[in-house]
Amino acid sequence: MKYFLKYISFFLLVLFLNNSTVFAEISDEYEKTNRSIHNFNDTIDQNLLKPTSKVYGILPNFIETGISNALSNINEPSNILNYLAQGNISLATFSTTRLFINSTVGLIGLFDVANYIGIEKINTDFGKTLKIWGVGEGQFLVVPFLGPRTSRHLFGTIVDVGLNPVRYALKDEDTIVSFSPSIIYALSERSRNGETIDNLRETSIDYYSTLKSIYLQSREINIISDFEEDEAIFQDGFEDFYENENDKK
């Protein structure tokens, strides 16, 4: 953890000092390399992830939901840390409440009890934290196994993985165990979005350009809408919670 924080501090300094060049207007300067990595990812998807996700998809819905809830709960500490870094104490408290309820009453997150009583899931990440800190999106990249990213989003992903307490809880385990949450998450997402992904692949004239366009648009919309809606969800969530509590009295 100590060395990880040193590396992060160094890279943050580099990012801020080079903000005008590293995080300039989004471009595809490395398109040739990006396309090669995209083809590699597509091969992995079609020959490994897709068939494996179909096996995963055979699981009963309640089991898939439980796994999805548990994975979401595992990510909650990252939300808390990012909201604190963003200076948003209210949403950090909101996420902490979700983590406590779902980790106890929800049986380590298998059941999303917090959502049931009106405390909805609100996601953030270090890429959004960097946005608040004034760091631009940077270059468009395609990363092996991860897919499309901007420079900022990729750096944010690395930080989120490094800061998640689950990583350190599993650090002494075998590699397959320590990466199992990420593997299961990938299978879950591929299974849930399989039809959409396959349709895009089959109907796109240029699959690479289609994915790039969808990613950049969704990332922009996601960040803008999150900043506008998070506080509203926070207010509504606690209002629903207190209303439920009053109804019980």
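Only the coordinates and a few stated rules stand behind these numbers; no lab work does. Note that this is a predicted model, so its numbers are computed, not measured. Note that each Cβ is placed from the backbone with ideal geometry, even for glycine, and that neighbours are counted across all protein chains shown.
Key figures
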item	result
Peptides ranked, highest mean first, by Cβ atoms within 10 Å: ranges 68-81, 137-150	68-81, 137-150
Net charge over other residues, Cβ less than 9 angstrom from the Cβ of PHE140 (K, R count +1; D, E count -1)	-2
Charge context of SER191, other residues only, Cβ under 14 angstrom, K/R +1, D/E -1	-1
Full-stretch length increase - SER213, SER90 - with 0.36 nm per residue and alpha-carbon distance subtracted	40.9 nm
